[in-house]
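Beneath this line is the structure, given in structure tokens, with notes to follow.
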Amino acid sequence: MNSNDLSHAVPATTCGADPRWAAVLARDAQASFIYAVRSTGIYCRPGCPSRHARPDNVLFFDDAEAARAAGFRACRRCDPDGPGAAARRAQAVAALCRRIEASETPPPLEALAREAGLGAAQLRRVFKAATGLTPRAYAQAVRTRRVQAGLQAEDSVTQALYGAGFNSSGRFYAQSDALLGMAPGRYRAGGAGAQVRFAVGQCALGAILVACSERGVCAISLGDDPEALVRELQDRFPQAALHGGDPDFEALMARVIGLVDDPRQPVVLPLDIRGTAFQQRVWQALQQIPPGQTLSYAELAARIGASAAVRAVAGACAANVLAVAIPCHRIVRRDGSLSGYRWGVERKRALLACESAAAREEGTGAPASSPAPA
């Protein structure tokens, strides 16, 4: 060991309450530093299962390269020069996702666990932490996408269902309404026979379109061009019967516009929410964020118990088609700055500013995190 290269190392005994030593004692596999032991000449990851060394023999390094430069050698148990445990789990989950997507029918959990070298319960926890879904729910989402594609390509609904890997048409029909928003035959026909009422008006953020199916409000869109909003609705329901200008619809329209103008109002609208199980979990969590507060994508992922699925959470926010009612505008970057918004970042900024002002008026204090100034 070369003791001349220890200028950047920090001994455990001089750290006091340094959280890195606590991470070593807790064998925190998520910590991102290296520690070395003078008496053995070995460096390890914080999550190493080896017996703890005396703190006066421990040195901290930022990375493995610094530890090697100081003359220490890698531990064979935790392999600090190889991919970390988190990276290995991510690689294993990615491989299992490809396996599920390539299979005609969902592989049994036990078979997936054997491939990953994990127990079934452990695999379920690791898979859900990485993707936000259990292996079974992920396979269900894959089959749903196949059905959606098949319903547009096959000659019959039955061919589409069996082609997507459903062994029982009854099982799919039992859940088709939640997955597709309508019966498979109607979905295949582009929503033929579905009745969608809509209206276009003006609000503080420009043009607003509100559409309602038999189940509830199915679209709230914001924009500059009313005609473009209508065309977008037509693209979503190409064969549905669209009814505009219904006088009875004006009251619902006014309630939605009221949500834009006064975010303190509770959302008491019937909503037609269509999405995967994971998307619906994200959207439910969004609805629980009070006006005047914001969360980062990572914080939202943690709230639904899927801390590693930040990108999937961002994708679910982007897939939301119910502006304001499902308040995806309350999600910001980790540093508080604003990220993309389906209906424009400036509208997102205006909504947050309005909610912050309303929160101050009510004396609820500042938001949990605030967007960066323009």
One residue is enough: does region 263-281 have a residue meeting the conditions modelled with pLDDT of 85 or more, of a type outside the set (S, T, N, Q) and part of a helix (DSSP H, G or I)?
yes
Which of the following residues is under 19 Å from Glu346 (Cα atoms) and loosely packed, with under 13 Cβ neighbours inside 10 Å: Asp248, Asp224?
Asp224
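What number of residues within region 48-83 are crowded, with 18+ Cβ neighbours inside 10 Å and either out of contact with any helix residue (DSSP H, G or I) (no Cβ under 6 Å at 6 or more places or on another chain) or in a loop (DSSP other than H, G, I, E, B) (or both)?
As a first pass, look at region 48-83 and keep what is crowded, with 18+ Cβ neighbours inside 10 Å: 48, 53, 58-61, 64, 66-68, 70, 72, 74-75, 78, 80.
The next check asks that each one be either out of contact with any helix residue (DSSP H, G or I) (no Cβ under 6 Å at 6 or more places or on another chain) or in a loop (DSSP other than H, G, I, E, B) (or both); those that pass are 48, 53, 59, 64, 66-68, 70, 72, 74-75, 78, 80.
Looking only at that region, the number is 13.
Collect the residues in region 232-282 that are among the basic types (Lys, Arg) and touching a Pro at 6+ places or on another chain (Cβ under 8 Å), keeping them in residue-number order.
Arg264
Conditions (1) within 15 Å of the chain's Cα centre (by Cα); (2) outside any loop (DSSP other than H, G, I, E, B); (3) exposed (fewer than 15 other Cβ atoms within 10 Å of the Cβ); (4) at pLDDT 90 or above, marked per residue:
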{"residue": "Ala308", "(1), (2), (3), (4)": "yes, no, no, no"}
{"residue": "Ile326", "(1), (2), (3), (4)": "yes, no, no, yes"}
{"residue": "His329", "(1), (2), (3), (4)": "yes, yes, no, yes"}
{"residue": "Glu346", "(1), (2), (3), (4)": "no, yes, yes, yes"}
{"residue": "Glu355", "(1), (2), (3), (4)": "no, yes, no, no"}
Output the number of the condition that Asn57 fails; it satisfies all remaining conditions of (1) at pLDDT 85 or above; (2) within 22 Å of the chain's Cα centre (by Cα); (3) not hydroxyl-bearing (Ser, Thr, Tyr).
(2)
So which residues in region 112-135 are among the hydrophobic types (A, V, I, L, M, F, W, C) and either under 29 Å from Gln284 (Cα atoms) or surrounded by fewer than 14 Cβ atoms within 10 Å (Cβ to Cβ) (or both)?
Ala120, Ala121, Leu123, Val126, Phe127, Ala129, Ala130, Leu133
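The values are calculated or read from the model by the stated rules, or taken from the named source; none is laboratory data. The model shown is predicted, which means the values in this text are computed figures rather than measured ones. Heads up, the Cβs are rebuilt from the backbone with ideal geometry, glycines too, and the neighbour counts pull from every protein chain shown.
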